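What follows is a short report on a single structure.
The values are calculated or read from the model by the stated rules, or taken from the named source; none is laboratory data. Every value quoted in this text rests on a predicted model; they were computed, and no experiment measured them. Neighbour counts run over all protein chains shown; Cβ positions are idealised from the backbone, glycine included.
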Amino acid sequence: MRKPRDFDADLKALEDKARGLKTRKVRQLGALVIATGADTLSADELAGALIVLAETKEAGKREAWARRGAAFFQSRSRRNASATDRNVDGAPAQPGAAQPAPGRKGTV
C-alpha cells in the first residue's frame with residue numbers, strides 16, 4: 001500500500017520556495033539600483049522613471065536600453081571578475097544577476 005501524500009507539507013514547501021524567490025528578486029533589484037547609481041535618486045524620481053520605461057512601446061528605444069544594459073553588465077563583469085571569488089554574503093553568484101557595488105552593503 002502506498003503512503004498517502006502530505007499535501008499540506010507540499011503546499012508549505014511551495015510557499016516557502018515562492019517566498020524565497022520573491023526575496024531574492026527584491027534583493028537583486030535593490031542591488032541593481034545601487035550598482036547603476038540610481039540609489040542617488042529619490043523614490044519618486046525612480047518610480048517615475050520606471051513608469052515611463054514600462055509604458056514605452058517604441059521598439060527602437062527598448063532595444064537601445066537593452067544594449068546599454070547589456071554593455072553595463074559586460075563592463076561590470078570584466079571589472080569585477082576577481083570579486084566573484086570573494087562572495088561576501090554567501091549567496092551563490094547568479095549569471096546576469098546584479099552584484100552589490102564594492103564597499104557598499106547590498107541590503108534593501
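When the stretch 29-62 is examined, which residues are found to be over 22 Å from residue 73 (Cβ atoms) and of a type in the set (Ser, Thr, Tyr)? Listed by number, the list holds a single entry, 42.
Inside the stretch 18-28, residues that are in contact (Cβ under 8 Å) with a residue 24 or more places away in the chain and over 23 Å from residue 77 (Cβ atoms) make up a count of 0. Meeting the requirement of 3 or more residues that are at pLDDT below 85 and not aliphatic (A, V, I, L, M), the helices (runs of 4 or more DSSP H) wholly within the chain are 59-79.
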